[in-house]
Amino acid sequence: MSRGETEHTDFSATPMTEASHSRQKIARAFLGIATALLLLPLFAIIGLLVTHGMSAITAEFLLEAPTAGMTAGGIYPAIIGTLWLIGVSLAVAAPIGIMAGIYLNEYAPENWVTRMINLAIVNLAGVPSIVHALFGVGAFVLFLGLGTSILSASLTLAVMTLPVIIASTKEALASVPVAFRHASWTLGASRWQTIWHIVLPNSVSGILTGVILQVSRAAGETAPIMFTGAAFYLPFLPQSVQDQCMALSMHLFTVSTQVPNVPEAFPYATALVLLTLVVTFNFFSIGLRTYLRARRKW
Amino acid sequence: MSDLAKKKIEVSGLSVSYGGVTALDSISLDVYEHEILSIIGPANAGKTTFLNCINRMIDSIPDARVQGTVKIDGDDVRQVRDVNALRRRIGMVFPLPVGLPMSIYDNVAYAPRMAGKTDKTRLDELVERCLRQSALFDEVKDRMGDLGTKLSGGQQQRLTIARALSMEPEILCLDEFSIAVDPVTTMRIEEVLKELRKEVTIVLVTNLVQQAKRLADRTALFLDGKLIELDSNEIIFSRRTADQRTFQYVQGLFG
Ligand SMILES: Nc1ncnc2c1ncn2[C@@H]1O[C@H](COP(=O)(O)OP(=O)(O)OP(=O)(O)O)[C@@H](O)[C@H]1O
Ligand SMILES: [Mg+2]
């Protein structure tokens, strides 16, 4: 018997493997179609915005305040306002969320209090943003007397994003093997030393990704800022967190539904700018994640 | 061991249960300074649990309940204020090596650094000495910056031994260290242990009966959480064992 024949008898497909082969092909095709269906609306949205809005995107549109009852001019104050809102809400939510996540994952004892807190976090993450808006009005605008201001709006956004930041921080920390912590404790390192030198360096990519994704979510929200700090029309730039500001999401709502005679391209162009901002954040987050992942050490 | 030898570790009435299930049942034994005490016994005998009580790693298992006392140099380990300082006095080697996610050098320098020793030349010396003691230095001396997690299993095990020695511990506990190590390396580490006993007290948990016989001064047999017998190797590895089960276990008749 020649060598070729032996190989043929040993490795040729049996009916069984052929069947599983074709099942595999079908499964793969369906998964591929699902992915394509997912991408379809994404490209449709981007296509729509670009075709309808691109013509309005000029230097003037990006760098000037709206004029003539928002039917002319640009969206510069709204861009700056959105940056203020996400900046301040990030400054509040990120440290608190990350610290709470560290506490819950690394220190909190396994008991019913901790379980209740974890349950609360999961449920808070599902609360609709309009409910957060009402809470923000009650707690920050009225009770704390912060008025309608960037501070009130940002705090409302922070409250909205906190549960998810906490949850994603916990998840990132939990992905670091317990064995590393044990090895470190055994060597006489304290809990905090272990967190700082072992756990955080190996989970920072996941933590930051979670934070940035929430930032871009906050950038797109309208309800939580509408009654707490975002202005309908305010051609000046805010000077401090006590001022109100315009915001892209709010402005988009305004020019699409609230004022007459807006050029048709304006809402699309505003949406395009907002989307670009959010996508930039997300790409930044993906880039950061890839960079930090590559440095991961196990 | 003579009665004149100093008692390094005194264990009395030590019982541990995990969520109500007993893992150790009133163990009492002493470990003398500079001896090698080996602990043998089949799976689930409580050997690892015993080691975890010595450096109080048992604290990190939420549903573990500990009764009885473990004293080191006469001090109850449960009363010590700084558990991290206690752990620095006790080197621990696990059955499955865990290289910390950092360089080989940093792995060995980790414990001293965490204890505040940061002098570069002293650390360099220390790292080299620990790696030599664990018979790893020659293999890694040209790549100290490589990741500890990327070493082979046997090399990682020797890395964890080097790490355990980095605090110049008074007590060294080894838990089935040779699982991931080839026989030649095992013999080299055994030589190292014989050398080390001049300076440290060694508790060696092993599932290799012959290893206990080769290395230990005395050997204890654990069975289902109980201490069956503890005696000098002369007795344990002879026909004169006090308990029939010791003889049977050593002969490989069960376990
Ligand atoms: N973290 C834990 N939680 C619950 N039960 C545990 C835990 N660790 C050990 N046990 C139980 O305690 C008993 C003793 O386990 P231990 O690990 O001390 O045995 P061992 O002698 O080291 O075994 P082996 O030779 O397999 O390593 C076992 O029944 C085990 O299931
Ligand atoms: Mg064990």
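The values are calculated or read from the model by the stated rules, or taken from the named source; none is laboratory data. These figures come from a predicted structure and were not determined experimentally. Counting neighbours? That spans all protein chains shown, and the Cβs are built from the backbone with ideal geometry, glycine included. To get the accessible areas, we keep the full protein, side chains included, count just its heavy atoms, and leave off ligands, DNA and RNA. Shrake-Rupley method; radii C 1.70, N 1.55, O 1.52, S 1.80 Å.
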**Exclusive hit being surrounded by fewer than 17 Cβ atoms within 10 Å (Cβ to Cβ), closer than 22 Å to A:Thr194 by Cβ and either more than 16 Å from ligand 2 (Cβ to nearest atom) or of a type in the set (Val, Ile, Thr) (or both), set B:Pro101, B:Pro62** = B:Pro62
**Item:** Residues of segment B:163-179 that turn out to be in a helix (DSSP H, G or I) and either more than 16 Å from ligand 2 (Cβ to nearest atom) or open to solvent by less than 10 Å² (accessible area, probe 1.4 Å) (or both), as a count
**Value:** 4
**Asked** Is it true that B:Ala220 is within 16 Å of ligand 1 (Cβ to nearest atom) and either within 14 Å of chain A (Cβ to nearest Cβ) or β-branched (Val, Ile, Thr) (or both)?
**Response** no
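One line per residue, one yes/no per condition, for (1) open to solvent by 20 Å² or more (accessible area, probe 1.4 Å); (2) within 30 Å of B:Thr160 (Cβ to Cβ); (3) under 20 Å from the mean Cα position of the chain (by Cα):
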site	(1), (2), (3)
A:Phe140	yes, no, no
A:Thr148	yes, no, no
A:Leu155	yes, no, yes
A:Leu173	no, yes, yes
A:Ser184	no, yes, no
A:Ala189	no, yes, no
A:Trp196	yes, yes, no
A:Val199	no, yes, no
A:Leu208	yes, no, yes
**Message:** List the helices (runs of 4 or more DSSP H) inside segment A:149-239, counting only whole elements, that have at least 1 residues being under 25 Å from B:Met92 (Cβ atoms) and more than 10 Å from chain B (Cβ to nearest Cβ).
**Reply:** A:150-174, A:191-194
**Prompt:** Would you pick out the residues in segment B:33-49 that are under 14 Å from B:Leu204 (Cβ atoms) and either more than 12 Å from the chain's Cα centre (by Cα) or within 9 Å of ligand 2 (Cβ to nearest atom) (or both)?
**Reply:** B:His34, B:Glu35, B:Ile40, B:Gly41, B:Lys47, B:Thr48
**Complete:** Going through (1) more than 18 Å from the chain's Cα centre (by Cα); (2) small (Gly, Ala, Ser); (3) more than 14 Å from chain A (Cβ to nearest Cβ) one by one, B:Ala135 fails only at (1)
**Fill in**
Only unsatisfied item for A:Ala153, checking (1) of a type in the set (A, V, I, L, M, F, W, C); (2) modelled with pLDDT of 90 or more; (3) closer than 26 Å to A:Gly206 by Cβ, is (3)
**Asked** What number of residues in segment B:21-52 are farther than 18 Å from B:Thr219 by Cα and free of Cβ contacts under 8 Å to residues at least 40 places away in the same chain?
**Response** 2
**Message:** From the list B:Val80, B:Val21, B:Val70, exactly one residue is open to solvent by 20 Å² or more (accessible area, probe 1.4 Å) and touching a Leu at 6+ places or on another chain (Cβ under 7 Å). Which is it?
**Reply:** B:Val80
**Output for segment B:207-232, where each listed residue is part of a helix (DSSP H, G or I), touching a residue at least 40 places away in the same chain (Cβ under 8 Å) and not β-branched (Val, Ile, Thr)** = B:Gln211, B:Ala212, B:Leu215
**Item:** Count of segment B:85-95 residues which are open to solvent by 30 Å² or more (accessible area, probe 1.4 Å) and within 8 Å of another protein chain (Cβ to nearest Cβ)
**Value:** 3
**Request:** Collect the residues in segment B:230-247 that are of a type in the set (D, E, K, R), more than 16 Å from ligand 1 (Cβ to nearest atom) and surrounded by 15 or more Cβ atoms within 10 Å (Cβ to Cβ), keeping them in residue-number order.
**Result:** B:Asp231
